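Encoded as structure tokens, the structure appears first; notes follow it.
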Amino acid sequence: MAKTTVSLIKADIGSLAGHIVVPPPLFNIANEKLEDAKRSGVINSFLVFNAGDDLELLMTHDRGENSPEVHGLAWETFKAAADKAKKLKLYGAGQDLLKDAFSGNVRGMGPGVAEMEFKERGSDPIVVFAADKTEPAAFNYMLYKVFADPFNTAGLVIDPKMSGGFEFEVLDALQNKTVRLKTPEESYHLIALIGTTERYMVSKIWRAEDKEIAAASSTTKLSLIAGQYVGKDDPVCLVRSQSGFPAMGEITMPFLHSYLVAGWMRGSHWGPFMPVGLKDSKCTVFDGPPRIVALGIQISNGMIASDDEGHPMFADIFADPAFDMARREALELAAALRRMGEFEPARLGPEAMEYTTLPLVLKKLEARFKEA
Ligand code: F6R
Ligand code: MG
Ligand code: MG
């Protein structure tokens, strides 16, 4: 059987009332463009949704990863939506489209991409994660817990298909190099790297015994592309589930609690990750807290499994009281951190602040310094 590709491509191309939420007219444009592309056979199925101010295009097709047709479609869709955002004078219109001419792949041009190609199993459940006001390394902790921590994922101990462990690909965003580490044998080394969230991020995960793809996440560093602050990289991640991969309930387990991620206001603060349903997928207090949505889908014969009317079906996983505790914790952590204002560690350290507007402020003081 042919392989299926799942592509999740996202960009912030303008939003309603500052950086809060993607408004309906931009969804309409994305839905129209992707419907046309489905009709003409570029993609098989799609789902448009948002993570705060980021427009998320989830697509299935059989063109493989990094397909110029599919990436071109996403680029054109973002451009059309950005034009509409500009007409409406929405905030940050066109913000993430950093380059003028499309060169066959949206990687390195601003939008974030998570893609995986695989031969469909009898049934293929996937969790689609999308976050706002944070960065790709925000998934490091979650992915370690899901694929390498037996206290999170019972299957690592109980399921013979998983007890051989997983292989993590880690990107060093500064050097633009990758390294592969195998768990459980190298789990301490893995944490040594990915605990440094400012620099290292998990890009892909495979099941060790048969090298079957298990997870893929976006690794865009907008600041390294643009050389300056252009908003955080608001990441996306795809995780395959069940029958030899972590169960849905193991993939969502890390969000029983909140944890701290970099981003939030002006991309300059540590903030609590808050799991939310789609209706709460908007960033408000102090431009946050950084939020994450999780959609459970089934891949079925090259498509996102759809209902009787042909609409793709999804389970809005975090729209559930089971995540109320994490949300409450997130607000408590938010209050504690914000009491500290602009003092570290509430604010990010000086290296991360290099890519914000703070250096412009510090420059103004430079001439006033005298030898001590
Ligand atoms: C964070 C983000 C926002 C803005 C903030 C200031 O990724 O996009 O927190 O940084 O609202 O925005 P400006 O400088 O455009 O007024
Ligand atoms: Mg924005
Ligand atoms: Mg955003």
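The values are calculated or read from the model by the stated rules, or taken from the named source; none is laboratory data. From a predicted model like this one, the values you see are computed outputs, not experimental measurements. Every residue, glycine as well, gets a Cβ built from its backbone with ideal geometry; the counts of neighbours run over all protein chains shown. What goes into the accessible areas is simple: the full protein's heavy atoms, side chains included, and nothing from ligands, DNA or RNA. Shrake-Rupley method; radii C 1.70, N 1.55, O 1.52, S 1.80 Å.
Structure notes:
- Among the candidates Asp320, Asp307, the residue that is of a type outside the set (Gly, Ala, Ser), free of Cβ contacts under 8 Å to residues at least 24 places away in the same chain, open to solvent by 50 Å² or more (accessible area, probe 1.4 Å) and under 30 Å from Phe46 (Cα atoms) is uniquely Asp307.
- Single residue of the stretch 215-241 satisfying the filter (touching a helix residue (DSSP H, G or I) at 6+ places or on another chain (Cβ under 7 Å) and closer than 17 Å to Leu156 by Cβ) that is farthest from ligand 3 (Cβ to nearest atom): Ser241
- Selection count where residues are among the aliphatic types (A, V, I, L, M) and either within 19 Å of Lys119 (Cα to Cα) or more than 18 Å from the chain's Cα centre (by Cα) (or both), scope the stretch 27-78: 10
- Of all residues in the stretch 207-217, those satisfying the criterion of being open to solvent by less than 30 Å² (accessible area, probe 1.4 Å) and of a type outside the set (Lys, Arg) are Ala208, Ile213, Ala214, Ala215, Ala216, Ser217.
- Filter result for Leu97 (within 13 Å of ligand 3 (Cβ to nearest atom), over 18 Å from Pro312 (Cα atoms) and either of a type outside the set (Lys, Arg) or crowded, with 17+ Cβ neighbours inside 10 Å (or both)): no
- Residue in the stretch 140-156 that is more than 29 Å from Ala326 (Cα to Cα) and modelled with pLDDT of 95 or more present: no
- Residue count, the stretch 219-247 (criterion: within 15 Å of ligand 2 (Cβ to nearest atom), part of a loop (DSSP other than H, G, I, E, B) and within 26 Å of Glu117 (Cβ to Cβ)): 4
- Residues being more than 18 Å from Ala335 (Cβ to Cβ), part of a loop (DSSP other than H, G, I, E, B) and open to solvent by less than 50 Å² (accessible area, probe 1.4 Å) - total across the stretch 269-294: 2
- Candidates in the stretch 350-364 are the residues that are in contact (Cβ under 8 Å) with a residue 24 or more places away in the chain and either among the hydroxyl-bearing types (Ser, Thr, Tyr) or not in a helix (DSSP H, G or I) (or both); of these, the one that is surrounded by the most Cβ atoms within 10 Å (Cβ to Cβ) is Tyr355.
- Among the residues listed as Glu169, Glu198, Glu185, Glu250, the single one being assigned to a helix (DSSP H, G or I) and either of a type in the set (D, E, K, R) or open to solvent by 10 Å² or more (accessible area, probe 1.4 Å) (or both): Glu250
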